[in-house]
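Shown next, in structure tokens, is the structure this report addresses.
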Amino acid sequence: MTTRVAVHAEGPSLVEGYGAIAGAESMRVLEGLARRLRGRRIVMVNTTSTGGGVAEILHRLVPLLNELGVETVWEVMPGDPRFYGITKSIHNALHGAPATVSESDWEHFMAVSAHAARQLELDGDLIMIHDPQPVALAAMRRRPGQTWVWRCHIDLSVAAPDVWHAVASHLPRYDSAIFSHHEFVPELPLPAFLVPPSIDPLSDKNRDLSFDEERELLAPFDLPARKPLVVQVSRFDRLKDPVGVIDAFVLSRKWEDSHLVLAGGSADDDPEGAEVLAEATVRAAGRGDISILALPPDAHRTINALQRRAAVVVQKSLREGFALTVSEALWKQRAVIAGAVGGIPLQVIHERTGLLVRSVEGCAYQLARLLRSTELRRRLGRNGKEHVRQQFLLPREARDYMAVFARALG
Amino acid sequence: MTDAGAVLTGAARAPFEPEAVVYLVQPARRNVADLDQLLDAVRTVDGATLFLHTQMPRLRPDTGDDGPVDDLSGWVRGVVQDVTTAERLAFAIAAARPEIDDVRARLVEVLESIPQKTRAEQAAPEGGRLELLRFEVVRVPTGMPATTADELFEALSRCDRTTWFHHLIEEAWLLPGPIPVVEWLKAAGAPRYAELVEREAASGRSVDGLRSRILQRWRRSGIATRLASGDRNARDSREVAGRLARRISGGDRP
């Protein structure tokens, strides 16, 4: 059974595609790093080749590194249904959600890891393990001369201590770790680097859409064509404060006419999400100027169209991980109002690339201010796009990984 | 004598190869929630952390006519929302000499002037703490060694902003003694370029701003040099261009 993922190397050049967007100078730094890494072999390991943010990144990152001349392969750790159930519980517990991982679950976790360790090739100079599922492989397969890096994409700030300690017990076998945000970094016995996540400007969620495409994608929702849209794209989660967004919108309507769209996942598998969706629906009841859209998980182009059609994008979170939806909106030159929490202030520089708020009233005030001034919206949108171009596009994430590799490999 | 085209004079001098850099950022394991904690942090954090939060934002793009905002005044303005203190901190950072001790002293002075009770009250909302960071540098050779000032600026014009930041700002702040690129330009017989680079490095401008000013000066001076020189190729080019212009305008008919 093969564990290696075949990634598409044909098609248009990614170096050229990203170069046209991020700039030739930025791509030259990647080429310089690639020269330092030439002759070395990188192996990426995760547990799925389809679905989820990590697989999405690797489908672009692996061919990009190869095109740059850094030999990179991607292996998927095999498992069984029970293993995936256990790793889902581990994932939830690390996110702070209630979940139990029993002694027998950990035994199964280790047995599957041992089986996978025999199947995977792991024949590189540097092995990059993504997330906790394959974390035990280092102890089983690390060879002398190899460098192992653990890339954690998860917010560990409220992790269940017992589950985190079990995962962390494997980390002394690694040389360094990478986290997305400083708040996610626990105490560790190894160097921890911060590599913020990024958006892919060539993906369906972020690529340019034609006017016709945009109109076609939004047609099913019967949104008013002539009113400015205020949009929040988020899970229905109390920490994203959808009810607070509705309250702020209602306050702002005393001054400016607009239409609010709250778009998020359908919350079928999330009981709290369903509760919050119900609360938001009750709060918006009887109002023709609010649309609540439950979208399927793969509605990337619809989200793209909604963000592009918005006059103002709101992300009024009360607590956040990184909130890449903010970068997505900024990349589309939208004016953004967002809560001053988590990774948001890195993306929204107050009064420069967007507006930070701390209250419902503050959100209402800034909303009315933005709806009144096309010029202010344009200025913030223009600045925001440039900020994202420099800081939050995929080539920057690739550059940071390559720098970690170069540091580790000497 | 013009600086453009000046060549290395010291036999011992090696060519100067600009380097791009990647700053690998790490948590400094310290955060601040209010102005009182900020004061304590400014007094005690290491120089690299203070440099990262006060100077590294100059790497960010300009926004319209505005330069990038430093992290400290940006946090105080955007998150704590104390506009007066934010303005004073921004001024202290912009006015500091390129020395960690100087910027530290100026920041302490601003924060100490606020009563302790007020400092403690001026706080971030939950989740809005300022996490302090530090960094390691990974160097990336550009493969463009320069032996003359012209070659150096030609190479720099093709480099990304980290290269400019590294050679003009980071090395000015964090290396003891004179800035290496300035010294190299002097040794290469280009004292006026050395002076220009030194002045811009200390200007507090963003990397975008100083890059565009330095390159503009270099290009202007290059044009003047070429026009003034008796370079045969340039003269030939001018003659060809003149003949072509006369032909187009009909003034060169036999």
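Read the figures in this text as sums done on the coordinates, not as results from a lab. Everything quoted here is computed from the prediction, not taken from an experiment. Note: ideal-geometry Cβ built from the backbone for every residue, glycine included; neighbour counts use all protein chains shown.
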Taking amide hydrogens as modeled 1.01 Å from N in the peptide plane, which residues meet the under 5 Å criterion relative to A:Gly354, leaving out close sequence neighbours?
A:Ile349
Karplus (6.51, -1.76, 1.60) ³J(HN,Hα), θ = phi - 60°, over segment A:73-79, in Hz, Gly and Pro reported as x
10, 10, 10, 9, 6, x, x
Under 5 Å between amide H atoms, partner at least 5 residues away or on a different chain: which partners does A:Leu393 have, H built in plane at 1.01 Å?
A:Ile199
Ratio of segment B:127-211's C-alpha Rg to 2.2 N^0.38 Å, to two decimals?
1.22
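What does the highest-first list of A:133-139, B:211-217, A:66-72 look like by mean Cβ count within 10 Å?
A:133-139, A:66-72, B:211-217
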Output needed for the protein assembly as shown: three equivalent-ellipsoid semi-axes, defined as square roots of 5 times the C-alpha gyration tensor eigenvalues, in descending order, whole Å.
43, 33, 28
How shielded is B:134-140 by partner chains, expressed as the average number of their Cβ atoms within 10 Å of its Cβ atoms?
5
Taking the beta-carbon count within 10 Å as an exposure proxy, list A:Lys240, B:Lys186, A:Lys88 from fewest neighbours to most.
A:Lys88, B:Lys186, A:Lys240
Dividing the convex hull volume of the alpha carbon atoms of segment B:25-135 by its residue count, what do you get in Å³ per residue?
103 Å³
Could you list B:Asp160, B:Asp208, A:Asp222, A:Asp400 in order of exposure, starting from the residue whose Cβ has the fewest other Cβ atoms within 10 Å?
A:Asp222, B:Asp208, A:Asp400, B:Asp160
Dividing the mean separation of Cα pairs under 8 Å (6+ apart) by the residue count of chain A yields a relative contact order in percent of 15 percent
Along Cα→Cβ, 7 Å out, is where each label goes; now give me the distance between the ones at B:Glu17 and A:Met110 in nm to one decimal.
4.9 nm
Just the Cα atoms of segment A:235-373, one point each, no solvent: what log10 I(q)/I(0) does Debye give at q = 0.10, 0.14 Å⁻¹?
-0.29, -0.60
When the convex hull of the C-alpha atoms of segment A:277-340 is computed, what volume per residue in Å³ does it have?
119 Å³
When chain A is modelled as a GNM with alpha-carbon springs shorter than 10 Å, which of A:Leu277, A:Leu218, A:Leu14 fluctuates the most?
A:Leu218
GNM top mover of A:Ser26, A:Ser203, A:Ser169 - chain A, alpha-carbon springs below 10 Å:
A:Ser169
Under the Karplus curve 6.51 cos²θ - 1.76 cosθ + 1.60, θ = phi - 60°, whole-Hz ³J(HN,Hα) for segment A:134-150, x wherever Gly or Pro sits:
x, 4, 6, 4, 4, 5, 8, 10, 5, 9, x, x, 7, 10, 10, 10, 9
Semi-axes of the equivalent ellipsoid for segment A:119-170, please: Cα gyration tensor eigenvalues, times 5, square-rooted, ordered largest first, whole Å.
23, 11, 9
Here FRET efficiency (C-beta to C-beta, B:Arg213 to A:Arg378, R₀ 35 Å, nearest 0.05) is 0.85
Taking square-rooted eigenvalues a ≥ b ≥ c of the alpha carbon gyration tensor, is segment A:338-410 rounded, prolate or oblate, where a/c under 1.5 means rounded and, failing that, a/b exceeding b/c means prolate?
oblate
Project the alpha carbons of segment A:214-297 onto their principal axes and report the range along each, largest first, in whole Å.
36, 31, 20
At a 10 Å Cβ-Cβ cut-off, how would you order A:His181, A:His95, fewest neighbours first?
A:His95, A:His181
GNM top mover of A:Leu122, A:Leu330, A:Leu239 - chain A, alpha-carbon springs below 10 Å:
A:Leu239
Kindly write out, for segment A:337-350 in residue order, the coupling ³J(HN,Hα) from the Karplus curve 6.51 cos²θ - 1.76 cosθ + 1.60 (θ = phi - 60°), rounded to whole Hz, with x marking Gly and Pro.
10, 8, x, 7, 9, x, x, 5, x, 5, 8, 9, 8, 3
For A:Ile178, what residues show an amide H to amide H distance below 5 Å, using hydrogens built from the backbone and excluding near sequence neighbours?
A:Trp150, A:Arg151, A:Cys152, A:Phe193
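Using Cα-Cα distances under 8 Å and only pairs 6 or more residues apart, what relative contact order does segment A:297-341 have, in percent? Don't jump to the answer; show the numbers that get you there.
Details: 43 pairs, mean separation 20.1, N = 45.
Relative contact order, segment A:297-341: 45 percent.
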Cα centroid distance between segment A:136-174 and segment B:67-94, in Å?
38 Å
Using a 10 Å cut-off around each Cβ of peptide B:109-120, what is the average number of partner chain Cβ atoms that fall inside?
0
Given the DSSP H assignment, sum -39500 (n - 2.57) over each helix run of at least 4 residues in chain A and divide by its residue total; what's the result at 222 nm in deg cm²/dmol, nearest 500?
-13500 deg cm²/dmol
Which whole number gives the average, over all residues in B:20-30, of C-beta atoms from other chains lying within 10 Å of the residue C-beta?
6
